[in-house]
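Report on the following structure.
The values are calculated or read from the model by the stated rules, or taken from the named source; none is laboratory data. Just so you know, these numbers come straight off a predicted model, no measurement behind them. Here the Cβ is made from the backbone with ideal geometry for all residues, glycine too, and neighbour counts use every protein chain on show. Just the protein is used for accessible areas: all its heavy atoms, side chains included, with ligands, DNA and RNA removed. Shrake-Rupley method; radii C 1.70, N 1.55, O 1.52, S 1.80 Å.
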Amino acid sequence: MTSTLDRLYSFMQFSARLREVQRHNRATPDRAESVAEHSWHLALICWLLRGEFEREFGTPVDLDKMIKMCLLHDLVEIDTGDPSAWRTDGAAEGSAEAKRQKALAEEQSAQQRFGSLPEPIGSEMLAVWHEHEAGQTLEARLVRAVDRLNPALMRHLTGQGWSDVGATAADLDNLQLPRLSVSTTLTGLYQRVRAAAVESGQFAIREEGVERQCR
C-alpha cells in the first residue's frame with residue numbers, strides 16, 4: 001500500500017519536471033524560457049500588482065489563491081506540452097477542434113496528477129486548477145490576463161520580438177486585449193510593452209502578402 005509520503009514524494013518528482021518544459025518565448029536572448037520560470041514570474045507579478053488590483057476593483061483579492069493558480073495551472077503541460085499561441089503568419093493559433101482536444105488532454109492530466117495526491121491537498125489543487133481554467137472569478141480572470149501579458153513582456157525584454165511568428169502590433173492587440181480588458185492596470189502595462197516594442201522595431205509588417213521585420 002502506497003503511503004502518504006510516497007504519494008507526496010512522487011508528486012514532488014513529477015512537478016520538478018516543469019523545469020524541462022520549454023516555452024516559445026525566450027528567458028534570455030540565448031535560450032528559451034521554461035514553464036517553471038514562467039509560473040514563478042506570474043506569481044511574483046500578481047503579488048506585485050495586488051494593491052493596484054484592489055484599488056482598481058475596490059475589493060480585496062485573494063492573493064493566496066492567485067499565487068496557487070500561478071504555481072499549478074501549467075503543471076499539466078509536463079504531460080501535454082506547451083502549445084504556441086501563434087502560427088507563423090501572425091494569426092493566433094488553434095482551431096476550435098484543436099482547443100477542444102487540448103482541453104481534454106489537460107483535464108485528463110489534471111485528474112490523474114492531482115488525483116494521485118492524498119486528501120485534502122489533491123482535491124484542493126484540482127479545484128484551484130478548475131477555477132483557473134473556467135476563468136469566471138476575479139482572481140482567475142486576473143491570473144489568466146497576467147499569463148497572457150507575460151510572454152509579450154519577455155519577447156520584448158529579450159529582443160525576440162514577433163518576427164519569428166510574422167505578427168504585427170495589431171495581431172498582438174488581437175491576442176492580448178480580449179483577456180487584458182479585465183483590468184485597466186494590466187491594459188496600461190501592456191500598452192507600455194507594446195509602445196517599447198514598436199519603438200524597438202520588434203514587430204513584423206505585411207505588405208502585399210510579404211512579411212518583413214518592422215523597423
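Annotations for the structure displayed:
- Ligands, DNA and RNA are left out, and with a 1.4 angstrom probe the accessible area of the chain is 53 Å² per residue.
- Within the stretch 22-143, all pairs of alpha-carbon atoms sorted by distance into 10 Å bins from zero give the percentages 12, 36, 36, 15, 1.
- D (Stokes-Einstein, µm²/s), Kirkwood Cα radius, the chain, 0.890 mPa s at 25 °C: 133 µm²/s
- With a Förster radius of 25 Å applied to the C-beta separation of Thr28 and Arg192, the computed FRET efficiency comes to 0.75.
- Amide N of the stretch 125-156 lying under 20 Å from the label point, which is placed 7 angstrom from the Cα of Asp62 along Cα→Cβ: 125-147
- Nonpolar atom fraction for the stretch 1-129, defined as the carbon and sulfur part of the 1.4 Å probe accessible area, stands at 55 percent.
- Selection from His132, Gly51, Ala85, by position along the positive dipole direction of the stretch 14-158 (Cβ): Ala85
- About its Cα centre, the stretch 25-174 has a charge dipole of approximately 140 debye under the convention of +1 per Lys or Arg Cβ and -1 per Asp or Glu Cβ, with nothing else charged.
- Distant-in-sequence amide contacts of Arg26, defined by a placed amide H-H separation under 5 Å and a gap of 5 or more residues or a different chain, comprise Glu33.
- Of all beta bridges that DSSP places with both ends in the chain, some 100 percent have antiparallel geometry.
- Zone residues, the stretch 52-78, relative to Thr184, backbone N less than 15 Å from point 7 Å out along Cα-to-Cβ: 52-59
- Global size of the stretch 114-203: 16.4, 52 Å for Rg and Dmax (C-alpha atoms, Rg to one decimal, Dmax whole).
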